[in-house]
Each structure stands twice: as structure tokens, then as C-alpha cells.
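Enquirer: I have a structure I would like to understand better, so I am pasting it below and will then ask my questions one at a time.
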Amino acid sequence: GTFTSITAYDQVDIYFEQDLDGSPLTVTTDTRQSRDIRGVSQELRFTSPGDRRLRYILGAYAQNTDRDLDTFTTLDVCFLFPLPFCPTPPGVISGVLAPTQLNILQGEFEQSALFAQASYDITQAVELSVALRYDEDKREQRDLLGSRRDSATFSDFQPKISLSWKLTPDVMLYGTYAEGYKSGAFNPPPAPGQTFPLVVQQEGTDNFE
């Protein structure tokens, strides 16, 4: 068969600005965020010859990713809070601006997977294929402003089975069942009183075709 090794490195640096309050009022100004993402991955595969009745592929995958996230804004503090030095009451633009660091997050993600697929020609016209993949994603997020560290592990098995029947050289019938997986993730740490969850749970699909 054929042995394949794929090594990759990627780096993504993103910087953007937005109107954070989403209103005609100047409650926030100079809102900006930077994201620096670096990842290294390695995949190993062994594939059998394709001219046999039984064909298969075996493989393993691993990736390590580091992500730095920094969000900054400038707030009209008197619009939000009744402070003694404010020239206007809350809810009125005052122009008293305060630089505010919203978050500084560091994340490290370790992803790994094992996978295999086999196809067998039951007859010259009928082929059965079965596959199985296992994914595991270990995620850690460090909140430097809140002095907290959170971690979570997501994993799942994804089986697949398919049966195909070549009626003619131009017509084929097939049926497939497969399960899919999407890893969970972290939201930015919620502020007091906010109800959205810190951990976004993983998702799965059941697919019939």
C-alpha cells in the first residue's frame, strides 16, 4: 500500500474594529479586537492498493493550536453609571470616556483523531463500505483579567456504512447512514448577571442518504 505523512503549520492574525453598542449613540468608541492563532498538525495514513476486492485506509491525526484574544474599547462611563463627577445623568451621552479592557484570553487546543474505512466488493456490482472515526478535542482557556482557567474535553465516535449497487455503467443506487460531530468551544467568560453559558456544548448529526 501507500504510506502518507502530512505536516502543516498555519498562522492567522486578525485585527478588526466595530461599533460595539450598535446604536446611533456614541456609548463606545475605538472598539477593537486582535486574534492571533498558530497551529501545527500531523496526519499519517496508510492506504491499500485500489485494485483489490478489499480496500481500506487507516489513519491518525493530531493538531495543537494556540489562540490569543484581546478585546479593548472606550466607554462613556457617565452614560452607564451614576457617578459623582458626571456632568449628565445616566442614559445621556456625556463625552466622559474611559479606556476599558474587555478581555484578554489565551487558549490552547489539543485535537486528535483515529480513522479507518474499508470497502469490499460483494459482487462486481455491489460494494459495501464501513468507516469509523474517533475525535477528541481538549480545550483550555485562560482569562488573564479574571484570573481564571477553564478546561473541557469533547469527543465522539462517528460511524458510517454505505451499500451501493451498480445497475448499469451509468446508473447506481446507494444507501448511506453516517454520524457527524462538531467540537464544543468556549464563549468569553460571562459578566455577572449574564445568562449565556461559558461552554458551548458539542453537536452531533445523524445523516440518512
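The values are calculated or read from the model by the stated rules, or taken from the named source; none is laboratory data. As the structure is a prediction and not an experimental result, all values here were calculated from the model. Counting neighbours? That spans all protein chains shown, and the Cβs are built from the backbone with ideal geometry, glycine included. Heavy atoms of the whole protein, side chains included, go into the accessibility calculation; ligands, DNA and RNA do not. Shrake-Rupley method; radii C 1.70, N 1.55, O 1.52, S 1.80 Å.
Enquirer: Is there a quick way to get the dipole size of the range 128-176? I mean about its Cα centre, with the Cβ of Lys and Arg at +1 and of Asp and Glu at -1; what is the value in debye to the nearest 20?
Expert: Using only the charged Cβ atoms, the result is roughly 60 debye.
Enquirer: Scan [x] 24.2, 75; [y] 38.0, 158; [z] 25.8, 85 for the value of Rg and Dmax of the Cα atoms in Å calculated from this model and give just the label.
Expert: Entry [z].
Enquirer: Give me the distance in nm between label points sitting 7 Å out from Cα along the Cα-to-Cβ direction at V12 and L58, one decimal.
Expert: If labels sit at V12 and L58, their model points lie 3.3 nm apart.
Enquirer: Which lysines have a Cα lying under 29 Å from the Cα of K138, excluding residues fewer than 8 positions away in the same chain?
Expert: K160, K182
Enquirer: Assuming R0 = 25 Å, can you tell me the calculated FRET efficiency for the pair E136 and A98, based on Cβ-Cβ distance, to the nearest 0.05?
Expert: That gives a FRET efficiency of 0.05.
Enquirer: Comparing K166, K182, K138, which has the greatest mean-square fluctuation in the GNM of the chain with Cα pairs linked when under 10 Å apart?
Expert: K166
Enquirer: Ordered by residue, what ³J(HN,Hα) values in Hz, to whole numbers, does the range 123-140 give under the Karplus form 6.51 cos²θ - 1.76 cosθ + 1.60, where θ = phi - 60° and Gly and Pro are x?
Expert: 9, 5, 10, 10, 10, 10, 10, 10, 8, 8, 10, 10, 10, 9, 10, 9, 10, 10
Enquirer: Could you point to the residue in P87, L173, L114 farthest towards the positive end of the range 61-181's charge dipole, with +1 and -1 charges on the Cβ of Lys/Arg and Asp/Glu respectively?
Expert: P87
Enquirer: Just want to confirm a number: the relative contact order over the range 58-100, from Cα pairs under 8 angstrom separated by 6+ residues, in percent.
Expert: 38
Enquirer: What's the magnitude of the charge dipole for the chain around its Cα centre, counting Lys and Arg as +1 and Asp and Glu as -1 at the beta-carbon? Answer in Debye, nearest 20.
Expert: 520
Enquirer: Let me ask you something else. May I ask you to give the percent of accessible area on the range 79-209 that is carbon plus sulfur, with a probe radius of 1.4 Å?
Expert: C and S fraction of accessible area: 58 percent.
Enquirer: Give me the accessible area of I6, 1.4 Å probe, in Å² rounded to the nearest 10.
Expert: In the full protein context, I6 sits at about 70 Å².
Enquirer: Averaged per residue, what accessible surface does the range 125-191 expose to a 1.4 Å probe, in Å²?
Expert: On a per-residue basis, 60 Å².
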